[in-house]
Every structure is written in C-alpha cells, then in structure tokens.
Amino acid sequence: MSNAVAILDFGSQYTQLIARRVRGAHVYCELFSWDSPPGDVLALEPRGFILSGGPSSVYAPDAPGLPDYVLEQGVPVLGICYGMQLLARHLEGRVSPAVRREYGAAMVELVAPDVPLLAALSSRNLKVWMSHGDRIESPPPGFEVLARSANSPVAAMGDVGRGLYGLQFHPEVVHTDQGGEILRCFAVDVCGCVPDWTPSTFIERAVARVRDQVGAGWVVCGLSGGVDSAVTATLVHRAVGEQLTCILVNTGLMRRGEPEQVVRTFRERLGMRLVAVDATEGFLRALEGVIDPEQKRRIIGERFIRVFEREARLLEANAVPSEGVRAVRFLAQGTLYPDVIESRGPERQAAARIKTHHNVGGLPEHMSFDLVEPLRYLFKDEVREVGETLGLPEDIVWRQPFPGPGLAVRIIGEVSRERLETLRAADAILLTELEMAGLLRGATQQAFAVLLPIRSVGVMGDERTYQHVIALRAVTTEDFMTADWARLDPELLARISSRIVNEVPGVNRVVYDITSKPPSTIEWE
Ligand code: XMP
C-alpha cells in the first residue's frame, strides 16, 4: 500500500482545498472524479478515501452515488458534507431532505472528543463552516454521534472500529477552526499515512522519474521567467544536465529587464544551456492594427509556437555529432495540478469561457514531442516550496503571475513599440515602489500598469497637455478566481502617480482601478 489518500470529487467548489490541506500535512493525495474508472483510483493504492462535498441532494434521481469499491477496500473513509450523507445513506442511516438550508458559520460541540479523528484538537467547541441542505437525522448502525450543532443533531459521526467518519461541516476551508488538523488526523492517525511528502522527497523522486523517462534523450524547455517554468527547468537540469536546453522567446511583450534577468539567472547563475531568441520584430509586425483582445491572444500563441518549433529544429541542425544529439524528443513544461484537474471533468470544462488563457510556453499541440511534466501533481504553493528548496532566487520563486500574452493585453488598443515603452516605464515604477514598500509578497498578489487608448487634458508648467492615461491595478486574491482591489496607502499611490507623470514621457494622468473580480476581471483585456 502506498502512503497516499484518494479524494473523490462530488463537485464541491472546495474539493481542491481538501487536497491542499492534506498535502499541507505532508501526506500525498490525489483527486479523482467520483465516477473515475476504479482501476485509476486503486492504482494509487490509497490508505484511505475522502469523499468531498457536492451540490446534489442524495435524494435527487441522478445524484452521484458511492462507488462500491470504496467500502470494499476496508480502509478508512471520511465523508465531508455530501460525502457524509452518501455514506449515511449507503450504510442505512437516516438522511432527511432539506427543510432549511444551513450556510455559513456555526458552532459545533464535540461530544466524543477522544476518537482518533478529533483527539488532537485543543478545544471541545469549534467554529465551523456549514453549507448544506440535507442533514443526518440518525447515523447508520455501528456509528456514534461525535459532534452536534444547533441545526445539525449529527454534525459529525464515526464508526471508530472501521475507521469510517462523516463531517457535516467543511474542515478544508479557513473559516473552520482546526480544520486542517482534523484532515491531518484523518490522514496520519486514522489512515496511518507517514507524513513524508516534503519538498526534498518530492525533488528526489521527481529527478529520478525524469531520468527514467528521458534516458539519453534530448529535452527542450520554454522559459518565461515565471516560477513554474523555472522550477521545471531546474528539476530537469538536475536530472539530465546538459541534455536540457532552455529556450527563451523574447516576444518583445515582457516587462522591463525580464529577458535579461532570465538569461542572467539560468545561463550565468545556474549554468544551464539557454538559447535566447529576440523575436520582437515578428511579434510586433503580427500585432499591427490588432485591437481585439482574443485576436491578440491567438496571434501571440500561434507565433510563439512557430518560433519555439524553429528554435528546437535549429538546435538539432546545429548539434555537434560528438554530443550524440539526433533529435529533440522531449518538451518539458510546467503544467500544474489545477490545470490537470480542470481539463478533466466535463462539467469543469463547461465553465463559461471568459478569456482564452494561452500560456506562452504552453503545449504546441501539433508538435511531435513527448511531454515531461514534473509538476503535474503539484499546487502552486508547493511549486514555490520546491523552488525555494532547489535554491532558486527569491524574485523568481515569488514572482507574481504574468499573463502569457504579456503586455499586449495591458495595452488597450493597438500595440506598438512606443506604447510598449510607455507602459514598461510606468509598470517598472509601480513595481519598484511596491517592492521598496515591501508589499509585493502579501499586500497584493498581482499589481501592474495598463495603458489606456485615450488621451486626456492636463496642465504642466502653464502649458496645456493632451496625453496618455495610465491605470494602476493591484489586487488581493487567494486563487485568482475572485479578487478585491488592494487598499494601498494613499501616500504610496500619490508617490507612484507623481513619479509616473514626471518620469514617463507622454503621460499626464494616472488612475487607480477600484473594481473587484467579479464583476471585473484582473487583467483589463
Ligand atoms: P483574469 O484577467 O481572467 O485573470 O481575472 C486571472 C489570472 O490569469 C492571468 N491571465 C492570463 N494568463 N494567459 C495567461 O497565461 C492569458 O491569456 C491570461 N489572461 C489572464 C491573469 O494575469 C491573472 O493572474
């Protein structure tokens, strides 16, 4: 049996959080859709199952069911919310349909605080997060009530002998006191997993796996300056050294100093083979006259693939025979676990498409490469921990996300060399000031400048001006799905505004974006 927990997803918006909390307790886990082929789930050889919440009622005619193999394994099971109701229904407890929905904070009292799932908690009364319709009236035979709340006579239940537990509340959300501890207890104390999932063990295994996969083959990896591609390249470099060549495509749409910094870090500091191509000219020509954001994304995505492909073929053509290079067979890329999960379930794919997120460095579909994806099972925060453990520089590990199409989607309207220069200069001032104020790693998760397609009237030294407007955007967010505008200090905003107007030629007005997402998005295009 492996040292892992399998999480079955019944459609809750919090399912990924369960996985992150379990990983946070240093136990490896994977997410599966509730109707995944049993063989896929059992290949993990899980020491326990967690059944997630979900939007259905167990009474709905097409409600997702509990697959038989789960209880047949004889390992512990923790049902959360819908997962608990499924367990209760399956084992002949009494679930009653919603009379009144319960949503939000509630207090639960632990009535059996000594069971393995709860024994490590420091308090008998917990503030928890509830979000359910149906509730359990009486637990199945063999189960005892472990906790209750004003609205839920069975807020937690358990059959300690069989290691089967159910929670009506959501231990995975931050609003639940000691929720992470409950999940840790389940994985470690109830399932018996050894908490050995750490950045160092991950690195060791990932390096071994890449070495196995690649053998004596040649690998290319696109570097963007972001943390995902940086960590991917570093792992692959550890595994196969000189067999890896990184390719940096300078689209001309990167921020000030970015291409130079990538070259300095990877070629000079980390000693990797790195080919840097300046493709600015071609990208700008292709973007001439283009205003529509989605068309910009399409053009940039396609062009990127063409340049990347050409560079990979050039590498082969120029290879020295003594190096044994015949063909570049592998493409390393920084796909993360949320991308994998998101592209899996049909219901998740159906989510409305707001923007096409072309990832520069993303998969060129028609290219004949085998993929090397060492981060495929990691969440972003785990990638950062791995990056730190690998000794990557802080400014790469903690770099804020930057969209693949770069500054092109931050210049509203047509992109030109001159407009890029204006935006780059304003953006650099914003980022330098935030950095100096120590705000880039917490006070805001993403901050940037946007160049608007309008001019406005101003007055400078008694002269009328008619010049560009820069909008500043700084947001706080946990997951980039929702966001709020950062309440930056007005003095700091004043300094940034005055520096931009004084130092960036052609700009006479600066505005601050005070909309949240939704209804806005983080980027303007
Ligand atoms: P929005 O603007 O949709 O952005 O609120 C959410 C997050 O995604 C980033 N973003 C992109 N990333 N290619 C990318 O690789 C894109 O086309 C793209 N558009 C938006 C955005 O910067 C934010 O972090």
Residue in the stretch 426-438 that is small (Gly, Ala, Ser), in contact (Cβ under 8 Å) with a residue 24 or more places away in the chain, within 28 Å of Trp398 (Cα to Cα) and within 16 Å of the ligand (Cβ to nearest atom) present: no
Selection within the stretch 409-420 - more than 16 Å from the ligand (Cβ to nearest atom), open to solvent by less than 20 Å² (accessible area, probe 1.4 Å) and more than 29 Å from Gly438 (Cβ to Cβ): Gly413
Filtered residues of the stretch 48-75 (kept if part of a loop (DSSP other than H, G, I, E, B) and hydroxyl-bearing (Ser, Thr, Tyr)): Ser52, Ser56, Ser57, Tyr59
Test: Glu288 is surrounded by fewer than 16 Cβ atoms within 10 Å (Cβ to Cβ) and over 27 Å from the mean Cα position of the chain (by Cα): yes
Per-region count, the stretch 112-143, residues under 15 Å from Thr176 (Cα atoms), open to solvent by 10 Å² or more (accessible area, probe 1.4 Å) and part of a loop (DSSP other than H, G, I, E, B): 4
Residue tally, condition closer than 25 Å to Leu420 by Cα and in a loop (DSSP other than H, G, I, E, B), over the stretch 487-525: 12
Looking only at the stretch 368-377, and only at residues there that are away from the ligand (no atom under 16 Å from the Cβ) and of a type in the set (A, V, I, L, M, F, W, C), the one that is surrounded by the fewest Cβ atoms within 10 Å (Cβ to Cβ): Leu371
Residue among Glu92, Glu45, Glu109, Glu30 that alone is open to solvent by 40 Å² or more (accessible area, probe 1.4 Å) and not in a loop (DSSP other than H, G, I, E, B): Glu109
Hits in the stretch 471-486 (condition: assigned to a loop (DSSP other than H, G, I, E, B) and open to solvent by less than 60 Å² (accessible area, probe 1.4 Å)): Thr477, Ala486
Matching residues in the stretch 204-226 - criterion: being out of contact with any helix residue (DSSP H, G or I) (no Cβ under 6 Å at 6 or more places or on another chain) and in a helix (DSSP H, G or I): Glu204, Arg205, Ala208, Arg209, Asp212, Gln213
Exclusive hit being modelled with pLDDT of 95 or more, within 12 Å of the ligand (Cβ to nearest atom) and aliphatic (A, V, I, L, M), set Val510, Val469, Val450, Val457: Val450
Count - residues of the stretch 378-408 that are open to solvent by 10 Å² or more (accessible area, probe 1.4 Å) and part of a helix (DSSP H, G or I): 9
Residue match in the stretch 247-270 (condition: over 25 Å from the mean Cα position of the chain (by Cα), modelled with pLDDT under 95 and surrounded by 18 or more Cβ atoms within 10 Å (Cβ to Cβ)): yes
Residues that are within 16 Å of the ligand (Cβ to nearest atom) and either at negative phi or hydroxyl-bearing (Ser, Thr, Tyr) (or both), drawn from the stretch 479-507: Asp479, Met481, Thr482, Ala483, Asp484, Trp485, Ala486
Selected residue (criterion: surrounded by the fewest Cβ atoms within 10 Å (Cβ to Cβ)) from residues of the stretch 1-14 that are without any contact (Cβ under 8 Å) to a residue 60 or more places away in the chain and within 22 Å of the chain's Cα centre (by Cα): Gln13
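The values are calculated or read from the model by the stated rules, or taken from the named source; none is laboratory data. Worth saying up front: this structure is predicted, and the values here are computed from it rather than measured. Every residue, glycine among them, receives a Cβ derived from its backbone with ideal geometry; neighbour counts consider all protein chains shown. Surface accessibility is based on the protein's heavy atoms, side chains included, excluding ligands, DNA and RNA. Shrake-Rupley method; radii C 1.70, N 1.55, O 1.52, S 1.80 Å.
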